[in-house]
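The values are calculated or read from the model by the stated rules, or taken from the named source; none is laboratory data. Predicted model, so just to flag it, every value in this text is computed and none were measured. Cβ placement follows ideal geometry from the backbone for every residue including glycine, while neighbour counts extend to all protein chains displayed.
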Amino acid sequence: MNVTCKDRERIFEDGTAAEWAALAAHAAACATCTEEIRTWQSLSVAAKELRDYSPIPGLWSRIERALIEQDGRKARRPEGKWWFSFLPNVSLGWQTAVAGAFALILTASVTWIISRPVRDPGKQDPLLKNAALKEVESAESAYKKAIDKLAAEAKPQLDTPATPLLASYHEKLLVLDSAIADLRAQGGLNPSNAQLRYQLLAMYQEKQRTLEEVLGAGK
Amino acid sequence: MGTMGLALPWKTRITSALHEPAAIGRWETRVGPSEHLTGGPAQAGAKPANEDAALAAACRAGDLRAYERLYVLHGARMKNLARNVLGSAADAEDAVQETFLKVQRSIASFRGQSSFVTWTYRILINTCYDARRSRLRKKEVTTDDDSEETPRREPRAPGAHPSLRIALVRALEKLTRHQRDVFLLYEVEGFRHAEIAGMLEISEAASKNTLFQAKKNLREMLEPPRSSAG
Ligand SMILES: [Zn+2]
């Protein structure tokens, strides 16, 4: 193989072993290439100055404790998923079918909750008294906080669902989010409407349980 | 490009090494960098694929010993990479810990499209840049380098050449994030382009080209000013 000075940069970028050998042979009679090769190679030598693999006292014990703690937190979560625990042992086709049916039932139940007749809110629905309204609001805010935290933890699994089951949970959460948005919009018009507020609380509760199941399913 | 070396104090060392034909043989055939890791941490690709898969399966099953094995094989290198990205040993240790926790949390979603170790390093790199960004937000400092913070640098292991390291560290901070990542992964940590491609989710050709651009930029930054007499 015959290489010249013009081939040097290309070989630096993506040269084969044979091309490097040919460049080295050429450099034996070319001062410019000898120097360029040396400069190029000196960067690799310099890089080794950034390498320090000395032992790190205590780091593994710290990581181990954190892993055990995280695992413990996961185990302490309410187990709402026992009836799905057989899924990892069945075929992907069955998982898809079961998850599909599951999603359908969930969507139907969410639709049922939000479509129950809401009678004239001003007349027939009991209005929340100030104290009760505060209680409901504080419960809502507690749910929202818990949900935000769970949603952040479950995000990686929901963004790229690894199983059909997780994908169906994702769909269920989308349905719940849209129901929550509807109820909040209605509640905003009449904050003391008890039926709306309790429906909203039920939705938050359902979303929290679903997120916990997502985290459980990812285990 | 002139016929001059880098303006660095270690030039004489390199010069003498390259007079030996054997030294030329070392770099010209460098397909994989494992030779410079002898005695150091394991290569991501040096272990058979089935060992990688077994490690992933054991981690998925929640076996703590598997995580310990991952740490024994890669902990030191993970911390070294994190320290070079973050510029602080304490932040690097936090990033390694956070990476292990993320692996534990999301191992169920690992589908084996890349090797388990490659996937772990991908999480580490993302964790490091998340940490850089959050540090930046906290300090509310703006820089013109990819909107990222210039890491703090700490004194390191005895035996290192301080002026060489400082010069290189400064130059690395002026590279783009991708160039810095590829340079650190290939030249410092000794990963192969195929492995880097998996970690950074780029093609192998892009990894090679990025390394080339990184080294070209570093060469320019570290070269002594040219004399006008040429
Ligand atoms: Zn030449």
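So the values come out like this:
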quantity: Residues located in the range B:74-97, provided they are surrounded by fewer than 21 Cβ atoms within 10 Å (Cβ to Cβ) and more than 10 Å from every other protein chain (Cβ to nearest Cβ); calculated: B:G87, B:S88, B:A90, B:D91
quantity: Flag for B:S106 being assigned to a helix (DSSP H, G or I), modelled with pLDDT under 95 and over 24 Å from A:L215 (Cα atoms); calculated: no
quantity: Residue in the range B:160-174 that is at pLDDT 80 or above and assigned to a loop (DSSP other than H, G, I, E, B) present; calculated: yes
quantity: Flag for A:L23 being part of a helix (DSSP H, G or I), under 45 Å from the mean Cα position of the chain (by Cα) and surrounded by 19 or more Cβ atoms within 10 Å (Cβ to Cβ); calculated: no
quantity: Considering residues of the range A:195-219 that are over 10 Å from A:L150 (Cα atoms) and hydrophobic (A, V, I, L, M, F, W, C) only, the residue nearest to the other protein chains (Cβ to nearest Cβ); calculated: A:A217
quantity: Of residues in the range A:147-166 being over 12 Å from the mean Cα position of the chain (by Cα) and among the hydrophobic types (A, V, I, L, M, F, W, C), the one nearest to the other protein chains (Cβ to nearest Cβ); calculated: A:L165
quantity: Selection within the range A:3-13 - more than 12 Å from the ligand (Cβ to nearest atom) and surrounded by fewer than 19 Cβ atoms within 10 Å (Cβ to Cβ); calculated: A:R10, A:E13
quantity: Members of the range A:14-66 that are within 16 Å of the ligand (Cβ to nearest atom) and under 23 Å from B:E204 (Cβ atoms); calculated: A:G15, A:E19, A:W20, A:A21, A:A22, A:L23, A:W40, A:Q41
quantity: Subset tally (residues that are touching a Pro at 6+ places or on another chain (Cβ under 7 Å) and closer than 12 Å to A:L59 by Cβ) for the range B:75-116; calculated: 1
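So that you can scan it fast, the table gives a plain yes or no per residue for (1) buried (at least 16 other Cβ atoms within 10 Å of the Cβ); (2) away from chain A (no Cβ under 11 Å):
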| position | (1), (2) |
| --- | --- |
| B:R165 | yes, no |
| B:A171 | yes, no |
| B:Q179 | yes, yes |
| B:F183 | yes, no |
| B:E189 | yes, no |
| B:I196 | yes, yes |
| B:S203 | no, yes |
| B:F212 | yes, no |
| B:E220 | no, no |
